[in-house]
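Enquirer: Below are the structure tokens for one structure; questions will follow.
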């Protein structure tokens, strides 16, 4: 019954969120602010994660090929497809769920605790729309761009690994990057990024919006938000893979 209650409250909140903003100029300014906070400020961590993921995938693939008849360019192909299909969308999504999701839950939860949300409602402002919708739009715009950024950085990280080690000749790696490229893999990854962006913003926002109690409860709400967001990302990763690649 508690699960059904949470689902109902979540749907009710989303119905309030997706309404026409009252002041367009303020709404656009909020979106730009959230793009900077959720997107631009996440570039650094996405860069670090992606470059090391690309390097590790390349080295692990190279060191685990023990048969001589396997062409070395498959190492580059494996690194490329691994970044395109899974790492740049799902793994980066999980990292952003921890970074952005916890931030959203704590921010809105603190506003609830300090009765700022109640003050917005008293002034006749749709607090759910005012606080949450700009975050959703900003994330659904910036997270796919971060995914594309992660793809190129990951491939670059693999190339750097080939230059610094003797695992695979750089020329073979670059040939594998270009070999049998399937453009739909990028589309598939971007679709996942948009869905994950919606999850990463709405689930933590829900947990923060309905928080009750003091600072301790805000912390617990942030933890629950990250846990449930991560679970839903993994669940929808399986669903979308079956729907789009099967």
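Enquirer: Of 226, 218, which residue is within 18 Å of residue 98 (Cβ to Cβ), in contact (Cβ under 8 Å) with a residue 60 or more places away in the chain, in a helix (DSSP H, G or I) and under 14 Å from the mean Cα position of the chain (by Cα)?
Expert: After applying the criteria, what remains is 226.
Enquirer: For the subset of segment 153-172 comprising residues that are under 12 Å from residue 73 (Cα atoms) and in a loop (DSSP other than H, G, I, E, B), which member is modelled with the lowest pLDDT?
Expert: 167
Enquirer: For residue 131, which of the numbered conditions (1) surrounded by 15 or more Cβ atoms within 10 Å (Cβ to Cβ); (2) at pLDDT below 90 fails to hold?
Expert: Just one mismatch for residue 131, condition (2).
Enquirer: If I ask for residues that are in contact with a helix residue (DSSP H, G or I) (Cβ under 9 Å, 6 or more places away or on another chain) and surrounded by fewer than 10 Cβ atoms within 10 Å (Cβ to Cβ), which ones from segment 16-44 would you list?
Expert: Passing the criteria: only 20.
Enquirer: Among the residues of segment 168-187, is there at least one that is within 21 Å of the chain's Cα centre (by Cα) and within 24 Å of residue 35 (Cα to Cα)?
Expert: Checked against the condition, which is being within 21 Å of the chain's Cα centre (by Cα) and within 24 Å of residue 35 (Cα to Cα), segment 168-187 yields at least one hit.
Enquirer: Another question about this same structure. Any idea which of 120, 94, 133, 145 is over 25 Å from residue 47 (Cα atoms) and within 18 Å of the chain's Cα centre (by Cα)? Can you show your working first?
Expert: Numbers: 120 fails: within 18 Å of the chain's Cα centre (by Cα); 94 fails: over 25 Å from residue 47 (Cα atoms); 145 fails: over 25 Å from residue 47 (Cα atoms).
Checking each option against the conditions leaves just 133.
Enquirer: May I ask you to list the residues in segment 11-49 that are part of a helix (DSSP H, G or I) and closer than 16 Å to residue 127 by Cβ?
Expert: Correct list: 12, 13, 14, 15, 16, 17, 26, 27, 30, 34.
Enquirer: Still on this structure: Any residue in segment 68-86 that is within 29 Å of residue 207 (Cβ to Cβ), within 15 Å of the chain's Cα centre (by Cα) and surrounded by fewer than 19 Cβ atoms within 10 Å (Cβ to Cβ)?
Expert: Yes, segment 68-86 has at least one match.
Enquirer: Among the helices (runs of 4 or more DSSP H) confined wholly to segment 54-121, which include 3 or more residues that are more than 21 Å from residue 219 (Cα to Cα)? Don't jump to the end; show me each part of the working.
Expert: Working: elements: 73-82, 92-96, 102-113.
The helices (runs of 4 or more DSSP H) meeting that bar are 73-82.
Enquirer: Working carefully through the options 57, 28, 45, find the one that is within 26 Å of the chain's Cα centre (by Cα), at pLDDT below 95 and farther than 21 Å from residue 161 by Cα.
Expert: 28
Enquirer: Then there is this: Given the conditions (1) closer than 30 Å to residue 17 by Cβ; (2) modelled with pLDDT of 90 or more, which single one is not true for residue 124?
Expert: Going through (1) closer than 30 Å to residue 17 by Cβ; (2) modelled with pLDDT of 90 or more one by one, residue 124 breaks only (2).
Enquirer: Would you say residue 221 is crowded, with 24+ Cβ neighbours inside 10 Å, under 26 Å from residue 39 (Cβ atoms), in contact with a helix residue (DSSP H, G or I) (Cβ under 6 Å, 6 or more places away or on another chain) and modelled with pLDDT under 95? Break it down into steps so the answer makes sense when it comes.
Expert: Numbers: crowded, with 24+ Cβ neighbours inside 10 Å: yes; under 26 Å from residue 39 (Cβ atoms): yes; in contact with a helix residue (DSSP H, G or I) (Cβ under 6 Å, 6 or more places away or on another chain): yes; modelled with pLDDT under 95: yes.
Yes, satisfied.
The values are calculated or read from the model by the stated rules, or taken from the named source; none is laboratory data. Predicted model, so just to flag it, every value in this text is computed and none were measured. Every residue, glycine among them, receives a Cβ derived from its backbone with ideal geometry; neighbour counts consider all protein chains shown.
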